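Report on the structure given below.
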Amino acid sequence: MIAAAAAVVAALVMAGCSSGADAGRAAPVERQSTVGSPGSAAPSSEAGGASIRKPPPVDPAWPRWGFTHTGVSANNVTERFERNVSGALARTPMAQNQHIMGFGALNPEPRPEEFFWEDLDSRTDFMLRSGGAPIITLCCAPDWMKGGPEGPTEESAWTEHLEDAPYPEHFDDFAKLSAAVAKRYTDVKYFMVWNELKGFWPDHSKPADIKGYTELYNKVYDAVKAVRPDAQVGGPYIGFDSNKTGKSVLRGSWGVVNQNVLDAFDYWFEHKKGADFVVVDGASLTDAHELLPDAFGALDKFGAVTAWLRDRTGDLPVWWSEWYFVPEDGTTWAEPMRLAVQAVSMMEFAESGAATALYWNPQAKSGACRGCMWAPGTGALEPTGKLIGDFAASFPAGAELERVTSSDPRVRVLAQPRRLVMVNTTGRRLSATVDGERVDLRPYEIKWSDR
């Protein structure tokens with residue numbers, strides 16, 4: 001039963017970071033975003049002169065970069081495979097996140113006060129053994145909290161009801177479960193409450209039930225803090241959807257953030273009991289899979305949203321629990337381009353002062369695995385895993401960024417006093433002067449250099 005259910009969960013969550021025809025960037029696009037007060041887009045490293053806004057204070061050792069375990073991860077293949085991946089990840093510790101139900105974990109409370117911790121134990125043990133900074137997402141809810149039967153979750157329920165929200169009469173029960181999780185996993189300090197308003201926002205063209213979510217959040221916040229005063233709790237884990245046009249105050253050449261998102265965030269922020277950080281996710285694309293004005297220019301959205309959130313919240317740490325940059329419509333890109341777009345998206349997070357960015361890792365047990373962090377057959381880090389590890393090593397949350405210019409604005413640069421990374425955002429060879437040195441870059445090449 002456990003193996004069958006785990007397979008179903010794995011099938012549910014493989015969608016996420018899609019990989020993407022090689023499209024060049026013919027010319028640099030002016031990078032700008034307009035937001036209503038408060039909020040403004042942070043400057044980028046491709047323009048000289050302006051200072052880079054310092055991020056809000058966090059633990060200087062916080063890696064900033066990391067990933068979320070999904071239906072398949074290193075701990076549910078073989079023991080040898082787990083050791084291989086654990087050793088590879090431990091060389092550059094990063095943040096690692098796991099949900100309490102779904103996304104690789106079976107129902108943690110099949111019946112009231114009857115707990116099943118095996119999957120969470122396995123995932124948290126792996127996070128710690130691999131040197132990760134562990135995070136737990138308090139989602140999703142056992143079936144009996146959302147109108148289903150007691151007992152282990154049936155296969156059909158994984159497909160049809162995993163993302164249902166608990167009924168209001170069971171908010172207290174979910175809060176108690178969250179407290180039990182926090183009390184059991186004392187090595188975990190950070191907890192995100194729920195996931196993308198699942199069950200609270202069935203139609204994104206209409207306002208979300210943010211009052212219901214906020215009520216649940218407040219109960220969870222109080223319950224976790226009661227048993228673990230040291231725990232850090234954040235929300236609302238809302239997707240910052242954007243459209244091509246609209247009336248929202250948060251807009252740019254990349255599109256317009258759905259006003260329902262901003263209204264929901266503002267309500268939660270005003271009525272929350274407390275928060276140690278704010279959690280959002282989103283894609284650089286519009287809801288119609290458009291990359292405006294192109295794949296690289298669309299990434300400005302991440303910096304603009306982060307800046308808006310920092311201004312709106314009094315500079316609470318901003319966490320991106322997921323982020324996406326490839327159209328999920330069957331589009332495929334050559335791997336060098338996909339990696340280059342990912343690298344520039346991470347530059348946007350660093351420059352705008354995001355405290356955390358978690359990659360949704362679309363892992364598999366076998367076969368081709370585009371965008372995966374480690375190879376299904378060997379456990380060796382793939383280019384995506386190496387890229388995230390390089391950012392964790394060179395640009396953790398405490399890194400001091402320095403403005404470094406490029407003679408060609410199509411070469412994006414992110415720098416700290418001893419290290420920098422350059423990205424060719426075109427499908428052709430480029431030469432440029434960066435930090436006083438002449439560099440040659442292959443199409444979409446990512447090049448790291450000491451200073």
To the nearest 0.05, the calculated FRET efficiency linking Trp448 and Thr245 through their beta-carbon distance, R0 being 51 Å, is 0.85
Solvent accessible area, Å² - Thr286, 1.4 Å probe, full protein context: 10
Please give the residues of the range 102-144, grouped as numeric ranges, whose backbone N is less than 14 Å from a label point set 7 Å along the Cα-to-Cβ vector of Ala61. 131-134
Exceeding the 28 Å Cα-Cα cut-off - candidates Lys176/Lys365; Lys247/Lys447; Lys54/Lys272: Lys176/Lys365; Lys247/Lys447
Taking Cα atoms of the range 128-249, Rg/Rh with Kirkwood Rh, to two decimals? 1.01
Label corresponding to semi-axes √(5λ) of the Cα gyration tensor in Å when calculated from the structure given, among [x] 31, 28, 22; [y] 41, 30, 19; [z] 35, 25, 20: [z]
Potential extension, Glu400-Arg83 segment - 0.36 nm per residue separation minus Cα distance: 110.7 nm
Taking Cα pairs closer than 8 Å and at least 6 residues apart, the relative contact order of the range 215-275 in percent is 34
Starting from the Cα-Cα distance between Asp329 and Asp311, subtract it from 0.36 nm times their residue separation and give me the gain in nm to one decimal. 3.1 nm
Stretched fully, the stretch from Lys211 through Val227 gains (0.36 nm per residue minus C-alpha distance, one decimal, in nm) 3.3 nm
So, with a 1.4 angstrom probe, what is the percent of accessible area on the range 373-417 that is carbon and sulfur? 49
Please work out the Cα center distance from the range 390-411 to the range 290-304, rounded to the nearest Å. 19
For the chain, whose charge dipole is built from +1 on Lys and Arg Cβ atoms and -1 on Asp and Glu Cβ atoms, the candidate among Ala368, Ala208, Pro60 with its Cα farthest towards the positive end is Pro60
Inter-centroid distance (Cα atoms) of the range 206-228 relative to the range 115-180, Å: 16
Probe 1.4 Å, heavy atoms of protein chains only: per residue, the accessible area of the chain in Å² is 38
Could you pull the accessible area for Met127 with a 1.4 Å probe, rounded to 10 Å²? 0
Between Thr186 and Asp266, what is the label-point separation in nm under the 7 Å Cα-to-beta-carbon projection? 4.4
Suppose R0 equals 41 Å; then what is the FRET efficiency for Lys365 and Asp172 from their Cβ-Cβ distance, rounded to the nearest 0.05? 0.60
State whether the range 221-368 is rounded, prolate or oblate according to the following rule on the C-alpha gyration tensor (a ≥ b ≥ c being the square roots of its eigenvalues): a/c under 1.5 gives rounded; otherwise a/b larger than b/c gives prolate, and the remaining case gives oblate. oblate
Can you give the FRET efficiency for Asp440 and Arg419, using 1/(1 + (r/R0)^6), R0 = 25 Å, r = Cβ-Cβ distance, to the nearest 0.05? 0.80
Straight-line reach from Lys244: which aspartates and glutamates have a Cα under 12 Å away, not including same-chain ones fewer than 8 places off? Asp287, Glu290
Where nothing but the Cβ of Lys and Arg (+1) and of Asp and Glu (-1) is charged, how large is the charge dipole of the chain around its Cα centre, in debye to the nearest 20? 1540
The range 360-451: Kirkwood hydrodynamic radius (Cα pairs, Å) comes out at 14.7
How many angstrom separate the Cα center of the range 185-200 from the Cα center of the range 429-444? 42
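The values are calculated or read from the model by the stated rules, or taken from the named source; none is laboratory data. In this text the structure is predicted, and so the values were computed from the model without any measurement. Neighbour counts run over all protein chains shown; Cβ positions are idealised from the backbone, glycine included. To get the accessible areas, we keep the full protein, side chains included, count just its heavy atoms, and leave off ligands, DNA and RNA. Shrake-Rupley method; radii C 1.70, N 1.55, O 1.52, S 1.80 Å.
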